Amino acid sequence: MAAAAAANGMSCGGGGGGGKGFEVPKVVVRFTKLFINGQFVDAVSGKTFETRDPRTGEVIADIAEGDKADVDLAVKAAREAFDNGPWPRMSGYERGRILSKFADLIEAHVEEVAMLDTVDAGKLFLVGKARDIPGAAHLLRYYAGAADKVHGETLKMAQRMHGYTLKEPVGVVGHIVPWNYPTTMFFFKVSPALAAGCTVVVKPAEQTPLSALFYAHLAKEAGVPDGVLNVVTGFGPTAGAAVASHMDIDKVSFTGSTEVGRLVMKAAAESNLKPVSLELGGKSPIVVFDDADLDMAVNLVNFATYTNKGEICVAGTRIYVQEGIYDAFVKKAAELAKKSVVGDPFNPRVNQGPQVDKDQYEKVLKYIDIGKREGATLVTGGKPCGDKGYYIEPTIFTDVKDDMAIAQDEIFGPVMALMKFKTVEEAIQKANNTRYGLAAGIVTKNIDIANTVSRSIRAGAIWINCYFAFDPDAPFGGYKMSGFGKDMGMDALEKYMQTKTVVTPLYNTPWL
Amino acid sequence: GKELSNPFASQVVTEPKAPIFLKISVSLHLSSRSHHRPEENQIAENLLEISQQHPAGMAARRAASSILSRRLLTRPSPSPASASPAGKSDLLGAGEVLPSKLRGNTEQNYTTSRLPNLQVVLVAGALLRFSTAPAAAAAPTEEPIQPAVEVKHTQLLINGNFVDAASGKTFPTLDPRTGEVIARVAEGDSEDIDRAVAAARRAFDEGPWPRMTAYERCRVLLRFADLVEEHAEEIAALETWDNGKTLAQSAGAEVPMVARCMRYYAGWADKIHGLVVPTDGGHHAQVLHEPVGVAGQIIPWNFPLLMFAWKVGPALACGNTVVLKTAEQTPLSALYVARLLHEAGLPDGVLNVVSGFGPTAGAALCSHMGVDKLAFTGSTGTGQIVLELAARSNLKPVTLELGGKSPFIVMDDADVDQAVDLAHHAVFFNQGQCCCAGSRTFVHERVYDEFVEKSRARAVKRVVGDPFRNGVEQGPQIDGDQFDKILRYVRSGVDSGATLVAGGDRVGNRGFYIQPTVFADAKDDMKIAKDEIFGPVQTILKFSGVEEVVRRANATHYGLAAGVFTRSLDAANTLSRALRAGTVWVNCYDVFDATIPFGGYKMSGVGREKGIYALRNYLQTKAVVTPLKNPAWL
């Protein structure tokens, strides 16, 4: 395998890459218990589960396994903190100050948390240090600055009445976050909820519990009062389900797969009708027009598909290229994919780390197999990499048909499906031919095409001549079965607010 | 007897509000002094020079300031030749920016709309008999407490550097506790404004500030807020020294409010949203909010730091560059914090601070063709001039936060003790030097007598003294001009038949301390009920019904703020809607959160500061429109 990879020009370091020209830092796991009411505690059951290093498949640490009883305790603490505690009663400015401090503490621990995400999720260490972790601090600062900018409105009533709206925190929020961006997703959820004055119970993914527990510790240090932020590590069917169906949780926000999103919504409906926001799967198209700068387009598409080993809900995985440049595009895309260095995510020269776990690894390989059987042409990649850990080669299929599984299903791995189109209308029709609607990319220099296509694609984020253009001020969330409700921006703050209308009669006023 | 040479003797009651531009400057007085012995001038100047060359020479400096301040305090009224009563000719004379026609109009405005021919000649010492000297008033005769701060910055701040004025001139800034010179400060004039605008222009047109991300600007402002907190004690001491407000107030409220305001606008920087607007078909239209450019800002002396924050915070958050003209009475704190802003990472040229006078530096800024926006806080009279200069030069948009004569209305259902206390603070806060001072206290007839008696008792208890001393509630007025003006108004109140129930005189025999003064039985047409006194003078008026008080409260050309004190929900709702004022405080007063917009109706100003509304002052609105070909929907 290693020889084959080398022949492909690919450095399939795998777990064996360690120690060659770079150093794997010593990772210390400081927090392994549930964080409830400001304390790290064992699970009620005393049970633990293993979290594994996807570079090797080896156990990193044993983590307390939260279940319904633990979620009950966490919700009780959050309920008390909301109903009687200082958090929703302090000014937005005071909350903002604490969140700013939280951001400063994250910046002071960038290296340490980046390491945790790398061993837990196989994410590139350098990217974590340079982007993911500082990005979390940035997001916190954004919402720290938003906490004192929650505005109700005075109303123009049609009667002699004075009316106004108050935006009030919704209460106890349940957050269920995924494993692909353990840090980013944690703060997508937690930052606006805390800024709004809510208290939260976070259920991190069982694959990646480490950084969430570390953040709970930092939150306490920053001055977040006990009970305001609780973290219950554990599994979806047990702890996750308990969050979704809890009668004392006022709102649940979930990021993950569309199937599980459906379960969360059902549980919410069957319990206390708590409002739900879902950020689910995607099969996002990138439409490359003939007038595009070819090299730029190839680079952008490579980035869009393979970032974070394809484990990203907005991955650009359906690549529609206009017929005029299609052949040239395929050739260059394959060359670029082959150059990608797959290996230990601590190695600074590596572009792609391992898939998060054995299940995901096997699922991706299964889809590659389906692609081949459905008749698509495997241009490059398609195989595992190295002899241990969960590494997979960057993979490209051509001759893909819209109805193939690899063009319809979210693979969540480094697999690109390349397709050809002729006209703008056809591109729009194909781009929309999906049950998902999370994101889309457009590569063109033509203003009319850019405007028409960006309005016509049914997706929550359109990136024109760029991709993954996430920003704290830019709301993010899906159309169709990619979910509803927005993370980030002022929209996300709204998500954690109730609107109360207050009305009283007016007598003898000179104007209304 | 001992007041024979008091400075308000034989003066004409003139300018009802302390104007920024129109202030008769200390330096003008000095230069126009012909009746002082020249050798004394020479000695003082020599001593000053020595003290400037030797920073340790405090003794020399104190001696010099003492001579200078004695001269100031004992001066007779300026003759019409050396300074016009309203000081307006200072501006018009110095700037030569207004043609005589316009000048005439302005003067006419003054004497007709604002100063209806009231020319009261005061007799020296006459006020003494009105004195109700409170026990606490002896304090100012104590030796002033030495402030725990050194004056580090006295030069102009242009393009990131502290520099002398182009002319080399300086002016003294005085300690209002004594009238002594704290420091001599570079005196900016039009040439310095030109330099500052050129620096700001370059920083805007070519520099990094408007080009960096909003988040980066946000971080600079956040770091600045942290630095303000780190240096809070020094900043507060400097503010109290230069302004005379209590240290408790500057350290306990104002410096924290500066940090607060900066953090507030830091948080806005990355949340400035334009709308994407619908069109009737076929077009994509979006709105961009872009920084307006170089902002000229002129701030007053009553809240030097806070006004700095209100002006500079939103302007910088939006990506503008700034030329700030501070009040000549209080140039020090802005220079100090402006340096901290640079330490926080502000690029050179983004904030330039020019100390100097209104008629020279201020007028140059207002008329400058390279300034894209003006914001002014000060008197209504000066605001009119600012607006005129903007109109006559490049039509730059102007935000004005001007004078007021704000009503504080006490209904008959009010808890009188609470109402008295709140009304007291509404008018006496900051020595009464607040544009929004609740200076017309309207009290319902059913509680009037009790209210007046308790207000008297409260005023007499008010502790006047060295603002650095613990427990002091009221320091000195800003300077001799204000001091004189306030005492003239007190005299006018007495002469017009109002009942002086408390105060009425100066406190001590040096500095600019004035007794908390309360008038009862005032009538709406008395000057003390109409003009902005800008001093510790409460005017209590009687009313009998809601409709009546609304009518009377609104019968003013001002409309800055109002207070309503009642337990009745309906009265509160009716009054808060019926009063024509930019802020209505119900059962509270002077609540100044960074989030709450502030500004005036009528002649109290144009535009709003603070809150999201202040962003509008510093943003341009650009609509970008392009056709849509075959969009799926509109």
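The values are calculated or read from the model by the stated rules, or taken from the named source; none is laboratory data. In this text, all values refer to a predicted model and were calculated from it rather than measured experimentally. Heads up, the Cβs are rebuilt from the backbone with ideal geometry, glycines too, and the neighbour counts pull from every protein chain shown.
Residues satisfying the criterion are present in the range A:103-125 (criterion: within 14 Å of chain B (Cβ to nearest Cβ) and out of contact with any Lys or Arg (no Cβ under 7 Å at 6 or more places or on another chain)).
Every condition in (1) part of a loop (DSSP other than H, G, I, E, B); (2) of a type in the set (Asp, Glu); (3) modelled with pLDDT of 95 or more is met by A:Asp70 except one, and the failing one is (1). Within the range B:603-618, being in a loop (DSSP other than H, G, I, E, B) and at positive phi holds for B:Gly607, B:Lys610, B:Gly611.
The condition of being of a type in the set (Lys, Arg) and surrounded by fewer than 24 Cβ atoms within 10 Å (Cβ to Cβ) holds for only one of A:Lys309, A:Lys366, that being A:Lys366. Name the residue, out of B:Ala553, B:Ala562, B:Ala594, B:Ala623, that is more than 12 Å from chain A (Cβ to nearest Cβ), surrounded by 20 or more Cβ atoms within 10 Å (Cβ to Cβ) and outside any helix (DSSP H, G or I). Going through B:Ala553, B:Ala562, B:Ala594, B:Ala623 in turn, the sole match is B:Ala562.
The set of residues from the range B:493-529 being assigned to a helix (DSSP H, G or I) and buried (at least 20 other Cβ atoms within 10 Å of the Cβ) comprises B:Gly493, B:Lys527, B:Ile528, B:Ala529.
How many residues are within 14 Å of chain B (Cβ to nearest Cβ) and of a type in the set (Val, Ile, Thr) if we restrict to the range A:410-433? The qualifying residues number 3.
Given B:Gly274, B:Gly281, which one is within 14 Å of chain A (Cβ to nearest Cβ), surrounded by fewer than 17 Cβ atoms within 10 Å (Cβ to Cβ) and either in a helix (DSSP H, G or I) or touching a Ser or Thr at 6+ places or on another chain (Cβ under 8 Å) (or both)? Spell out how you get there, then give the answer.
Numbers: B:Gly281 fails: either in a helix (DSSP H, G or I) or touching a Ser or Thr at 6+ places or on another chain (Cβ under 8 Å) (or both).
B:Gly274 is the lone residue from the list that is within 14 Å of chain A (Cβ to nearest Cβ), surrounded by fewer than 17 Cβ atoms within 10 Å (Cβ to Cβ) and either in a helix (DSSP H, G or I) or touching a Ser or Thr at 6+ places or on another chain (Cβ under 8 Å) (or both).
Restricting the range A:140-156 to residues that are surrounded by 14 or more Cβ atoms within 10 Å (Cβ to Cβ) and in a loop (DSSP other than H, G, I, E, B), the residue that is farthest from the other protein chains (Cβ to nearest Cβ) is A:Gly152. For the criterion of being assigned to a helix (DSSP H, G or I), at pLDDT 95 or above and either farther than 17 Å from A:Val228 by Cβ or away from chain B (no Cβ under 14 Å) (or both), A:Pro134 passes. Of the set (1) without any contact (Cβ under 8 Å) to a residue 40 or more places away in the chain; (2) within 13 Å of chain A (Cβ to nearest Cβ), all apply to B:Ala253 but (2). Evaluated against (1) among the small types (Gly, Ala, Ser); (2) within 26 Å of B:Phe592 (Cβ to Cβ); (3) within 14 Å of chain A (Cβ to nearest Cβ), B:Gly545 falls short on exactly one condition, (2).
From the set of residues in the range A:434-466 that are of a type in the set (Val, Ile, Thr) and assigned to a loop (DSSP other than H, G, I, E, B), which is nearest to the other protein chains (Cβ to nearest Cβ)?
Within the range A:434-466, the subset of a type in the set (Val, Ile, Thr) is A:434, A:442-444, A:447, A:449, A:452-453, A:457, A:462, A:464.
Add one more test, that the residue is assigned to a loop (DSSP other than H, G, I, E, B), and what stays is A:434, A:444, A:457.
Details: A:Thr434: 15, A:Thr444: 13, A:Ile457: 8 Å.
The residue in question is A:Ile457.
Comparison of B:Pro314, B:Pro278 shows that the only residue that is out of contact with any strand residue (DSSP E or B) (no Cβ under 7 Å at 6 or more places or on another chain) and either at pLDDT below 95 or of a type in the set (S, T, N, Q) (or both) is B:Pro278.
Would you pick out the residues in the range A:254-271 that are surrounded by 15 or more Cβ atoms within 10 Å (Cβ to Cβ) and either under 12 Å from the mean Cα position of the chain (by Cα) or farther than 17 Å from A:Lys203 by Cα (or both)? Don't jump to the end; show me each part of the working.
If we filter the range A:254-271 for residues that are surrounded by 15 or more Cβ atoms within 10 Å (Cβ to Cβ), which is where we start, we get A:254-258, A:260-261, A:263-265, A:267-268, A:271.
Matches in the range A:254-271: A:Phe254, A:Thr255, A:Gly256, A:Ser257, A:Thr258, A:Ser271.
With respect to the stated conditions, B:Ala581 fails to be touching a Ser or Thr at 6+ places or on another chain (Cβ under 8 Å), of a type in the set (Gly, Ala, Ser) and facing chain A (nearest Cβ under 9 Å).
Residues that are more than 17 Å from the chain's Cα centre (by Cα) and polar (S, T, N, Q) within the range B:353-407 comprise B:Thr360, B:Ser367, B:Ser393, B:Asn394, listed in sequence order.
Every residue in the range A:334-386 that is in contact with a strand residue (DSSP E or B) (Cβ under 8 Å, 6 or more places away or on another chain), closer than 16 Å to A:Asp399 by Cβ and part of a loop (DSSP other than H, G, I, E, B), please. Selection gives A:Ala376, A:Gly381, A:Gly382.
Show the residue pairs that are 6+ apart or on different chains and have beta-carbon atoms under 7 Å apart, the first residue being within the range B:443-469 and farther than 20 Å from B:Gly432 by Cβ and surrounded by fewer than 21 Cβ atoms within 10 Å (Cβ to Cβ), the second being at pLDDT 95 or above and among the acidic types (Asp, Glu). Close Cβ pairs (under 7 Å, with a partner that is at pLDDT 95 or above and among the acidic types (Asp, Glu)) amount to B:Arg446/B:Asp412; B:Val447/B:Asp412. The set of residues from the range B:470-492 being part of a loop (DSSP other than H, G, I, E, B) and touching an Asp or Glu at 6+ places or on another chain (Cβ under 8 Å) comprises B:Val472, B:Gly475. Taking the conditions (1) of a type in the set (Phe, Trp, Tyr); (2) in contact with a helix residue (DSSP H, G or I) (Cβ under 6 Å, 6 or more places away or on another chain); (3) within 14 Å of chain B (Cβ to nearest Cβ) in turn, A:Phe397 satisfies each one other than (3). Residues that are of a type in the set (S, T, N, Q) and over 23 Å from the mean Cα position of the chain (by Cα): does the range A:387-398 have at least one? For the range A:387-398, residues of a type in the set (S, T, N, Q) and over 23 Å from the mean Cα position of the chain (by Cα): present.
Give the number of residues within the range A:157-166 that are within 13 Å of chain B (Cβ to nearest Cβ) and either touching an Asp or Glu at 6+ places or on another chain (Cβ under 7 Å) or crowded, with 17+ Cβ neighbours inside 10 Å (or both). I'd like the intermediate steps shown before the answer.
Within the range A:157-166, the first condition is being within 13 Å of chain B (Cβ to nearest Cβ), and the residues that meet it are A:157, A:160-164.
Then keep just the ones that are either touching an Asp or Glu at 6+ places or on another chain (Cβ under 7 Å) or crowded, with 17+ Cβ neighbours inside 10 Å (or both); that gives A:162, A:164.
Matching residues across the range A:157-166 total 2.
Just one of the listed residues (A:Asp403, A:Asp409, A:Asp491, A:Asp473) is in contact with a His (Cβ under 9 Å, 6 or more places away or on another chain) and either on the phi < 0 side of the Ramachandran plot or of a type in the set (Ser, Thr, Tyr) (or both), and it is A:Asp473. Scanning the range A:467-512 for residues that are within 14 Å of chain B (Cβ to nearest Cβ) and acidic (Asp, Glu) yields A:Asp471, A:Asp473, A:Asp491, A:Glu494. Screening B:Met603 with (1) under 24 Å from A:Lys149 (Cβ atoms); (2) touching a residue at least 12 places away in the same chain (Cβ under 8 Å) gives one miss only, at (1).
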